[in-house]
Structure formats: structure tokens, C-alpha cells
Amino acid sequence: MRNIITAMAMGAIVLALSACGQIENSGETQTNAAGGTTEISDRMGGGWEKQNNETASSADGKPSESKKEEQPVTGADEIDAYCESSSFDEADLLYHATKKIEAEADVYEYEGEYNSYDVNEPALEIKKNDDGTYQIQIDLFRLYLLDDGIGKVTEDGLEFTAGPSENVVNGVITLDEDIATVTIFGQKWLDFAGLSEYRFYKTSDVPNIAENADSETAAEELLDLFINGSISAVDSTDLTSAFYITDLNRDSGEGDSYSVGEKIDLDNDGENELVISGPYGGIYLDARDNRVYEFAAGDGNPLILSYVYYNGAIWIMYSNRMNAGYESYHMKKFEGADNLAAEINFGEELADPNNAESETKYTWNGTIISYDEYTELCSRIFAAEVSTD
């Protein structure tokens with residue numbers, strides 16, 4: 001594209017100078033007002049030699065007057081260049097105006113679709129917005145998807161930010177002809193990915209970003225993309241936790257395998273989450289902000305994951321029954337995955353942990369309650385518990 005722009009600009013210079021009489025073919029003649037001719041010689045000795053033809057005056061006896069034509073040349077920066085019959089100043093002016101137009105055109109060269117050298121598939125999309133900013137989507141194969149990038153052209157290149165507020169990624173995109181180099185800043189990213197520079201090659205000037213790309217993809221569609229292995233999931237508090245469904249052990253013949261479970265509204269926001277059943281209750285995934293996030297996960301015997309219908313809402317519950325004489329339960333109610341609305345803690349334990357013969361005490365949110373009260377509460381909760389291990 002740059003070569004085309006340059007060729008067009010240089011052609012404009014030649015045409016402009018030709019129109020002013022500064023570039024003529026050898027032996028070409030001009031007709032004056034009285035019908036005489038003036039020959040324009042070839043360029044000799046670094047200058048233009050011009051023969052004067054003094055012709056007869058007009059009928060009123062006055063010498064004929066020769067007028068210079070002034071032809072303004074305009075560019076993107078609104079610079080007017082006027083032709084002079086014996087000077088190349090305007091050519092220099094046009095040259096610099098053209099370079100400025102090229103520089104402005106370079107800004108638009110970022111826009112387009114680029115393939116990854118790793119998989120030879122589209123992995124970088126750049127689209128220019130009406131306000132001069134850019135939408136940027138970067139798919140680092142089996143590593144990370146940055147699909148919400150916003151960029152602005154600076155003297156260093158197309159600088160951008162992307163990712164959730166808890167883990168914002170900053171970087172810059174530079175061009176060398178049709179090769180785009182994406183550099184992501186920060187030691188945290190380098191520790192996570194082991195690499196901070198990625199190269200892509202341009203395949204189209206038209207990016208594959210829909211006009212409504214700023215609207216969120218439906219939660220169900222995002223969850224299906226995870227199930228199909230197209231996108232990863234990540235813990236919003238830990239950038240290094242990104243994983244694909246293929247990273248999970250899904251061998252049904254093993255006790256620690258995972259399987260795709262139901263979709264259900266676990267955070268009471270009107271949209272379904274995805275249950276991945278598995279060891280210690282598996283993993284619950286939430287889709288928001290055009291990404292899939294780990295919402296909850298079991299973590300060994302002290303944190304067995306399940307969910308419960310309680311008091312008209314769904315609560316996430318972590319259970320610990322690993323020690324004799326001790327049980328504890330922690331329930332969380334969410335109103336949106338990032339909005340913890342309420343918590344309940346209850347359990348039972350020996351009054352004297354060192355004496356197996358001691359009495360058992362029962363607690364509800366830190367308050368000691370009777371055995372009957374505890375039994376009644378537990379019966380309501382456990383009757384509505386759904387195990388996902």
C-alpha cells in the first residue's frame with residue numbers, strides 16, 4: 001500500500017511540474033500570442049536553456065504580454081505549492097507534503113487481519129474506530145485470548161491495553177511492511193508465558209471484527225466455545241491460571257476425571273454457569289466480559305465443592321469432613337459472579353479437640369446452638385444439596 005501511495009504522489013509531482021512548463025520533451029514548441037514559436041531545448045549543463053523569440057507586437061503596437069499561470073497544488077495538510085518557471089522549490093515542497101500523506105496513510109496500514117506463524121490461522125485482528133482508536137483482538141494459541149484490546153497510535157507504534165481490570169495487559173504493535181510484531185510488557189507476563197514478542201503476517205486489509213464487536217457475546221455461546229476447546233478459562237485473580245478443556249483429565253475410566261455437567265444459574269444473575277463435574281466437586285465456570293472465568297473449584301478434602309438451594313437462592317458450598325469429630329461448612333450466595341451477597345458458616349466439633357470423649361458443640365455463624373437446632377438446619381441444607389463430584 002505504501003508503494004502505491006508513493007507512486008501516486010510522485011506522479012502528481014510530475015504532472016504538476018509539467019503543467020507549469022518545467023518539464024518538456026526535447027524539441028517541443030510553444031505558440032505565442034502572435035503565432036510565432038519558441039523552442040524549448042534539452043536540459044543542458046544543470047539548467048534550462050530557453051531561446052527568446054521576440055515577435056511583433058499586437059495591432060495596437062504594444063508588446064505582447066506573457067503571463068505565468070499559477071496552479072496551486074493541495075495535499076492532505078492543505079499546503080499550497082505554486083509553480084515557478086525556473087525553480088524546483090515547489091518540487092521539494094510537494095515531496096515533503098507527500099511524505100506527510102504517507103505517514104498519515106501508515107496509520108491505516110495497521111487495520112486488517114493477520115495470521116499466526118505458529119498455526120497459519122487468523123490470530124490478530126485490528127479495526128480502526130471512528131474516534132481514531134483501534135479495536136484489537138490477539139489469540140495466542142493455547143495460551144491466552146486478548147479479545148478486548150483498545151489501542152492508539154503513538155510514535156512507538158500502536159500501543160494497547162487489554163484484559164480484565166485485575167490483570168490488565170499492556171503492549172505495542174509495530175509494522176515492518178506486512179509483518180506485525182506484538183510486544184507485551186511486564187515481568188508478570190514474561191513469567192507466565194515465557195515469551196513477550198509475537199509475530200503475525202497480514203492476509204487482508206479487512207479485519208474480521210463485527211460492527212457490534214463491543215457488545216458481549218452471549219454467556220451460553222462462550223461456555224459452548226469452552227466446551228468445544230475454542231477458548232480457555234481463567235481465574236480472574238490469577239493470569240497464569242488459563243486452561244483449556246483439553247487440559248483436564250477426561251478419561252471416564254479414572255476416578256479423578258472431569259466431565260461436562262449441567263448449565264445452571266449458580267450466581268443468581270439470570271444467566272447460566274457451567275458445571276464441570278470432577279474431583280472434589282469439580283469446577284464451576286462463569287461467562288462474562290467476553291471471557292470464561294473459573295467461578296468456583298474444589299480443592300482437596302478440606303474443600304469439597306457442591307451447591308445448595310437455600311432460602312430461594314442457590315448457594316455455593318464448601319465442605320470439610322476429613323477428620324473424625326469435626327465437620328465444617330462454608331456457604332456463599334452470589335448476586336453476579338463478582339458480587340458476594342451473603343455467607344453462612346456452620347459446623348460441629350469436639351469441645352476439647354484433645355479428648356475424644358468430650359462433648360460436641362454446634363455452631364451457626366460463630367454462635368453456639370443446640371443439637372436440635374443444628375440438626376434442623378442441616379436437614380434443610382443437605383436435602384437440597386447437589387453433589388458435583
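The values are calculated or read from the model by the stated rules, or taken from the named source; none is laboratory data. Please read these numbers as outputs of a predicted model, since none were measured by experiment. Methodologically, a virtual Cβ is constructed for each residue, glycine included, from the backbone with ideal geometry; neighbour enumeration extends over all protein chains shown.
Summary table
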| item | result |
| --- | --- |
| Residue that is modelled with pLDDT of 90 or more, out of contact with any Phe, Trp or Tyr (no Cβ under 9 Å at 6 or more places or on another chain) and surrounded by fewer than 12 Cβ atoms within 10 Å (Cβ to Cβ), where the choices are Asp176, Asp224 | Asp176 |
| Test: Lys128 is at pLDDT below 85 and either charged (D, E, K, R) or at negative phi (or both) | no |
| Odd one out for Asp247 among (1) in contact (Cβ under 8 Å) with a residue 60 or more places away in the chain; (2) closer than 28 Å to Lys188 by Cα; (3) surrounded by fewer than 16 Cβ atoms within 10 Å (Cβ to Cβ) | (1) |
| Residues (acidic (Asp, Glu) and in a helix (DSSP H, G or I)) located in segment 333-389 | Asp372, Glu373, Glu376 |
| Residues of segment 155-191 classified as without any contact (Cβ under 8 Å) to a residue 12 or more places away in the chain and in a strand (DSSP E or B), total | 1 |
| Test: residue in segment 284-300 that is in contact with a Pro (Cβ under 8 Å, 6 or more places away or on another chain) and polar (S, T, N, Q) | no |
| Matching entry among Ile264, Ile314 (being farther than 19 Å from Leu225 by Cβ, in the same structural domain as Ser379 (by TED's automatic domain parsing), of a type outside the set (Phe, Trp, Tyr) and touching a residue at least 40 places away in the same chain (Cβ under 8 Å)) | Ile314 |
| Criterion violated by Asn208 - all others in (1) exposed (fewer than 15 other Cβ atoms within 10 Å of the Cβ); (2) among the polar types (S, T, N, Q); (3) outside any strand (DSSP E or B); (4) at pLDDT below 85 satisfied | (4) |
| Residue, farthest from His330 (Cα to Cα), within segment 361-376, restricted to residues that are loosely packed, with under 15 Cβ neighbours inside 10 Å and of a type in the set (D, E, K, R) | Asp372 |
| Filter result for Gly261 (more than 15 Å from the chain's Cα centre (by Cα), at pLDDT 90 or above and either in a strand (DSSP E or B) or closer than 30 Å to Asn272 by Cα (or both)) | yes |
| Residue match in segment 327-338 (condition: out of contact with any Leu (no Cβ under 9 Å at 6 or more places or on another chain), surrounded by fewer than 13 Cβ atoms within 10 Å (Cβ to Cβ) and free of Cβ contacts under 8 Å to residues at least 40 places away in the same chain) | no |
